[in-house]
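So the structure is just underneath, and the comments pick up after that.
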Amino acid sequence: MNKFISFTNEVNSFTLPNNFDYPYNYTPDSIAKIAASELQEYLKKQTDFSHDFGLDDTDNKNASGKMFGVLVVKNSKGILGYLAAFSGQISESTTHNHFVPPVYDVLSKQRILLQVNEKHKQINQVLDNLKNSVPYLNTKKKYLKKKLQHESLIVEEQTKIKERRKDRKKQGKQHNQLNINEEFYIHEYEVYLNNKIDSLKKEYTKYSQQIIQLEEELIAVSVSGKQQILKQYLFLNTKNEAKNLLDIFNDSAQNIPNNSGDCCIPKLLQYAFSHNFTPICMAQFWWGKPLTTAVRKHKYYYTACTTKCKPILNHMLKGLNVNENPLLVQHQEKKELKIIFEDDSLMVINKPCGLLSVPGKEIQDSVYVRIKKMFPNATGPLVVHRLDMATSGILLIAKNIEIYKALQVQFVNRIIKKRYVALLDGILTNKKGEINLPLRVDLNDRPKQLVCNDHGKPARTKWEVIEVNNNKTKVYFYPITGRTHQLRVHAAHNLGLNTAIIGDDLYGTSSNRLHLHAEKIGFNHPITKRWVEFTEPTNF
């Protein structure tokens, strides 16, 4: 069935973008937003499948939101339209009317899965029979019981020897030969006890080796089956070059995450290339109940994930004119550092938004690089703490390793006090409070962070409202801990303030800048030992 969808809105007068979106940092084009809004209208009314997105009852634990995507395309006749996709499955199915099919449908093409499952079943049956067999259980019980008894006997003899040696030492007697004889006795005693259960040990070891071999066979079957499935995921590009997941991730030198290739953008591009459609632009949005982990909000637009999708899209986007990474474009604008305070030991500077604290993988220009040029003979890491590239404000610079270590101790002991100013995209119901949401990196979408009670590091933020204007709230943030993206996630997450910082392109929506500024810092000067404070007002 043709999945090409004609626009219901008038779009012929739109100027189409010259380049395709940079998928990991983009603002949806106007025509992509129209396609997204038409898909959202379909989702409100559709009867093709049944799924509780939690729009009517977000407290329903069984409800779940879903990522959807649109790809604006021109078909082989030059007619403008769009394609629609969802990530993963809906209602336990990977295929539904209105949406492009998966690159490889694991659910419907189950030949490999059935073979793997059948082999697994056979091995597991043999393994269970062996583990529950009377001969094995009896042998295991006898051997472990005897082994424990013998270990106890050895400990008992060793204790006696230690007591005798203590007595000799108290009497001032030196009996080196006696000590040697006791060591020899313990060794011979161990050999004697081991020989007594040697045949029992061999029998138990034989069973154990059979169990280990069967468990290794299970792993091998799983790995082989997974590799066979990964080979079925063949991704195209404009040059009609096909590449499977194994080859793609082999080139990227990283492990293949689960569900790779089942996200919206790879599915959309695959359908476009296989039907000779020309991709124009894209948009991904979340539909339904927010997640309790990653920041996902109803109808908000999101980028393609980096860990799962980037290696795939690096192949699929070959031959397309793709926009440059906006961060690289932004970094071409030279941003000056302002020195707020300087003495022989340290500096307090104002970092502009859009400048890295330390060099990155793609961008070298940073506070560290610039300070290193100013003080080429300085020792130590120089930059005492960090701010996100998009965050502006006060940074401490240590001119030598001793000052660096002294300031680090104050950070570790939470002596240093910091205050941030942020402008939030909404109105808060309370005037102040504290957020306690543990954070860890999103392994599928670095460098984004997510809330995780099981594996996250403690993250606490105090906050208070400064003022409210035009449905926007200016707040002070007082970070108690200093986790990556802590203030941004605590602001945007539905379990935090549920109101993103304006301009947060990772957890909210893009703007001219991220409206987050490190305004104030206080610390004990490592040399004078006096408490000092510095303030740099924000310009928003």
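Considering the conditions (1) modelled with pLDDT of 90 or more; (2) over 30 Å from N258 (Cα atoms), N176 is excluded by exactly one of them, (1).
Under the condition of being charged (D, E, K, R) and within 41 Å of the chain's Cα centre (by Cα), the residues counted in the stretch 113-142 number 5. Among (1) without any contact (Cβ under 8 Å) to a residue 12 or more places away in the chain; (2) surrounded by fewer than 14 Cβ atoms within 10 Å (Cβ to Cβ), there is one condition D247 misses while meeting the rest; what is its number? Against the list (1) without any contact (Cβ under 8 Å) to a residue 12 or more places away in the chain; (2) surrounded by fewer than 14 Cβ atoms within 10 Å (Cβ to Cβ), D247 comes up short only on (2).
Of all the residues in the stretch 392-410, those that are farther than 30 Å from A422 by Cβ and over 32 Å from the mean Cα position of the chain (by Cα) number 4. In the stretch 290-316, what residues are of a type in the set (A, V, I, L, M, F, W, C) and buried (at least 19 other Cβ atoms within 10 Å of the Cβ)? Residues satisfying the conditions are A294, V295, A304, C305, C309, I312, L313, M316. Filtering the stretch 339-373 to residues that are in contact with a strand residue (DSSP E or B) (Cβ under 9 Å, 6 or more places away or on another chain) and either in a helix (DSSP H, G or I) or among the polar types (S, T, N, Q) (or both) leaves S345, N350, S357, Q364, S366, V367, Y368, V369, I371.
Filtered by the rule that a residue be aliphatic (A, V, I, L, M) and part of a loop (DSSP other than H, G, I, E, B), the stretch 271-306 gives L291, A294, V295, A304. Exactly one residue out of L497, L487, L506 is modelled with pLDDT of 95 or more and in a loop (DSSP other than H, G, I, E, B): that is L497. The residues of the stretch 15-38 that are free of Cβ contacts under 8 Å to residues at least 60 places away in the same chain and under 22 Å from L291 (Cα atoms) amount to a single one, S37.
Could you please let me know if K226 is at pLDDT 90 or above and farther than 18 Å from C309 by Cβ? When the stated conditions are applied, K226 does not pass them.
In the stretch 213-231, is there at least one residue being touching a strand residue (DSSP E or B) at 6+ places or on another chain (Cβ under 7 Å) and part of a helix (DSSP H, G or I)? Yes, that holds for at least one residue. Within the stretch 510-527, the residues that satisfy the criterion of being in a loop (DSSP other than H, G, I, E, B) and out of contact with any helix residue (DSSP H, G or I) (no Cβ under 6 Å at 6 or more places or on another chain) are S510, S511, N512, R513, L514, H515, H525, I527. Looking only at residues of the stretch 436-472 that are in a loop (DSSP other than H, G, I, E, B) and acidic (D, E), we find that the one that is surrounded by the most Cβ atoms within 10 Å (Cβ to Cβ) is D445.
Residues that are of a type outside the set (S, T, Y) and touching a residue at least 60 places away in the same chain (Cβ under 8 Å) within the stretch 61-78 comprise A63, G65, K66, M67, F68, G69, V70, L71, V72, V73, K74, N75, listed in sequence order.
For the stretch 16-29, the count of residues that are surrounded by 11 or more Cβ atoms within 10 Å (Cβ to Cβ) and charged (D, E, K, R) is at least one.
The values are calculated or read from the model by the stated rules, or taken from the named source; none is laboratory data. Since we're looking at a predicted model, the values are computed, not measured. Neighbour counts are summed over all protein chains in view; Cβ atoms, including those assigned to glycine, are modelled from backbone coordinates with ideal geometry.
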